[in-house]
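Notes to accompany the following structure.
The values are calculated or read from the model by the stated rules, or taken from the named source; none is laboratory data. What you see is a predicted model; the values in this text were computed from it and never measured. Reconstructed Cβ throughout: ideal geometry from the backbone, glycine too, with neighbour counts over all protein chains shown. Just so you know, the surface numbers come from the protein's heavy atoms only, side chains and all, with ligands and any DNA or RNA stripped out. Shrake-Rupley method; radii C 1.70, N 1.55, O 1.52, S 1.80 Å.
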Amino acid sequence: MFHSKIAGIGMYVPKNVVTNNDLKKYMDTSDEWIQERTGIKERRFAHRTEETTTTMGVEASKIAIERAGLTPQDIDFIVFATLSPDYYFPGCGVLLQRALQMKSVGALDVRNQCSGFVYALSVADQFIKTGMYKNILVVGAEKHSFGLDFSTRGRNVSVIFGDGAGAVVLQPTEDSNKGILSTHLHSDGNNAEILAMYNPGTHANHWSKGQQLADFDEAELGEMFMSHDMIDKAQNFPNMDGPAVFKVAVEKFPEVILESLKTNGLQTSDLKLLIPHQANLRISQFVQHKLKLRDDQVYNNIQKYGNTTAASIPIALCEAWEEGKVSDDDLVCLAAFGSGFTWASALLRW
Ligand SMILES: CC(C)(COP(=O)(O)OP(=O)(O)OC[C@H]1O[C@@H](n2cnc3c(N)ncnc32)[C@H](O)[C@@H]1OP(=O)(O)O)[C@@H](O)C(=O)NCCC(=O)NCCS
């Protein structure tokens with residue numbers, strides 16, 4: 001069986017920098033509040049009409065493919081993770097396949113929110129290990145700025161998120177000491193509603209036990225997926241119980257990181273770099289403290305980009321690599337937690 005290694009990595013963030021003070025134009029918030037609670041100073045927002053989740057994914061992919069010494073025609077499978085797709089369906093994978101004029105290779109879309117990239121990487125890893133594919137493109141991209149409530153009502157969610165994309169090319173290696181050593185995927189749907197965007201959807205309030213997650217019109221058929229009422233009542237935006245998310249995140253991050261190390265007979269002291277999903281700087285600091293990691297062992301760039309969900313890990317990994325913080329033989333752990341809840345890790349030897 002082969003191991004998978006990252007043969008090329010790329011990232012793309014939009015030019016438009018949006019500071020915390022810029023957000024004050026739309027909502028009652030402050031730079032102090034945002035920095036104190038999340039560590040975020042600024043984020044990037046995509047061009048409203050010229051950039052989409054897919055186009056950002058395309059830009060990151062071009063760099064990753066070139067760095068792997070390949071052309072888009074060499075890619076034999078695509079895995080695309082996002083929660084903010086260009087279309088409800090089809091997914092971004094096929095749009096990327098079209099934009100990069102690739103062969104008619106398989107394109108799989110992953111919907112695991114903040115854990116999306118690690119889940120996508122794990123799926124790609126299995127295809128490489130079995131020898132089925134040789135050059136897999138794994139992409140994480142988000143255009144959050146299109147789907148958030150920028151009024152004061154939505155401020156607890158909208159100040160956190162930013163746009164961007166990251167991509168890697170996975171290839172087989174026969175060196176069993178290199179590449180992805182193991183991946184670890186988890187879920188617990190008991191808390192599905194506390195970090196969720198309910199609408200548009202087919203739930204019809206089925207799961208909410210009396211709570212109206214959607215107001216729809218009385219029609220015999222249809223009109224429940226997305227109604228005028230839902231839009232009038234701002235039920236088309238993400239919903240988050242921040243403190244509840246925080247509490248579970250600081251428990252699951254260390255758990256899944258230690259799981260990856262234990263599986264491979266390694267310890268936190270062996271880690272060159274932990275790249276946590278950039279959910280909140282306070283969460284990363286809590287995890288660092290709990291695992292007794294030094295500052296140089298944990299990479300954070302949420303200060304510049306906010307939480308870019310499925311894109312945050314490949315963006316952070318790409319920046320860390322470009323800054324020379326990851327090089328040959330380094331042990332790197334990618335770890336994520338998010339909506340679902342889902343959480344995951346991948347341990348790799350660069
Ligand atoms: C969202 C988060 C930053 C909120 O911080 P918090 O300290 O828990 O704040 P709370 O939600 O309890 O709100 C505290 C107060 O700030 C207010 N507030 C919320 N958002 C605000 C904003 N952007 N600006 C100013 N005030 C805000 C609230 O209305 C509340 O006011 P009140 O006390 O008068 O009711 C924090 O809970 C968090 O980061 N959670 C994890 C979220 C996350 O990581 N999500 C992604 C998962 S992958």
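Restricting attention to segment 99-155, the residues that are more than 16 Å from the ligand (Cβ to nearest atom) and either of a type outside the set (A, V, I, L, M, F, W, C) or open to solvent by 10 Å² or more (accessible area, probe 1.4 Å) (or both) total 25.
Taking segment 240-259 as the range and being under 17 Å from LEU195 (Cα atoms) and surrounded by 19 or more Cβ atoms within 10 Å (Cβ to Cβ) as the test, the residues that pass are VAL245, ALA249, VAL250, LYS252, PHE253.
Conditions (1) among the hydroxyl-bearing types (Ser, Thr, Tyr); (2) open to solvent by 10 Å² or more (accessible area, probe 1.4 Å); (3) in contact with a strand residue (DSSP E or B) (Cβ under 7 Å, 6 or more places away or on another chain), marked per residue:
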{"site": "LYS304", "(1), (2), (3)": "no, yes, yes"}
{"site": "ASN307", "(1), (2), (3)": "no, no, yes"}
{"site": "ALA310", "(1), (2), (3)": "no, no, yes"}
{"site": "ALA316", "(1), (2), (3)": "no, no, yes"}
{"site": "TRP321", "(1), (2), (3)": "no, yes, yes"}
{"site": "GLY324", "(1), (2), (3)": "no, yes, no"}
{"site": "CYS333", "(1), (2), (3)": "no, no, yes"}
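Across segment 128-145, the qualifying residues are those that are touching a helix residue (DSSP H, G or I) at 6+ places or on another chain (Cβ under 7 Å) and among the charged types (D, E, K, R), and the one among them that is farthest from LEU70 (Cα to Cα) is LYS143. Test ALA311 against the criterion of being touching an Asp or Glu at 6+ places or on another chain (Cβ under 8 Å) and under 30 Å from PRO14 (Cα atoms), and give yes or no. The answer is yes for ALA311.
Taking every residue in segment 53-66 that is more than 14 Å from VAL13 (Cβ to Cβ) and touching a residue at least 24 places away in the same chain (Cβ under 8 Å) and pairing it with any residue that is open to solvent by less than 10 Å² (accessible area, probe 1.4 Å) and part of a helix (DSSP H, G or I), at least 6 positions away or on another chain, the pairs with Cβ-Cβ distances below 6 Å are THR54/CYS92; THR54/LEU96. If only residues of segment 158-180 that are open to solvent by less than 10 Å² (accessible area, probe 1.4 Å) and within 19 Å of GLN303 (Cα to Cα) are counted, the one that is nearest to the ligand (Cβ to nearest atom) is VAL159. Against the numbered list (1) in contact (Cβ under 8 Å) with a residue 60 or more places away in the chain; (2) surrounded by fewer than 18 Cβ atoms within 10 Å (Cβ to Cβ); (3) of a type outside the set (Lys, Arg), GLU50 comes up short only at (1).
Checking each residue of segment 303-317 against the condition of being more than 16 Å from the ligand (Cβ to nearest atom), touching a residue at least 24 places away in the same chain (Cβ under 8 Å) and farther than 20 Å from VAL256 by Cβ gives at least one match.
Residues that are within 21 Å of the chain's Cα centre (by Cα), over 18 Å from ASN280 (Cβ atoms) and of a type in the set (S, T, N, Q) within segment 20-55 comprise THR52, THR53, THR54, THR55, listed in sequence order.
Within segment 282-302, the set of residues being among the hydroxyl-bearing types (Ser, Thr, Tyr) and either within 16 Å of the ligand (Cβ to nearest atom) or assigned to a helix (DSSP H, G or I) (or both) comprises just one member, SER284. Looking at segment 222-239, which of the residues that are more than 13 Å from the ligand (Cβ to nearest atom) and outside any loop (DSSP other than H, G, I, E, B) is least open to solvent (accessible area, probe 1.4 Å)? This residue is MET230.
In the set ALA344, ALA335, ALA279, only one residue is assigned to a loop (DSSP other than H, G, I, E, B), among the aliphatic types (A, V, I, L, M) and within 13 Å of the ligand (Cβ to nearest atom); that residue is ALA279. The strands (runs of 3 or more DSSP E) found entirely in segment 86-204 that carry 1 or more residues being within 24 Å of VAL17 (Cα to Cα) and touching a Ser or Thr at 6+ places or on another chain (Cβ under 7 Å) are 136-142, 164-173. When segment 178-203 is examined, which residues are found to be among the β-branched types (Val, Ile, Thr) and in contact (Cβ under 8 Å) with a residue 40 or more places away in the chain? Of everything in segment 178-203, those that are among the β-branched types (Val, Ile, Thr) and in contact (Cβ under 8 Å) with a residue 40 or more places away in the chain turn out to be ILE180, THR183, ILE194.
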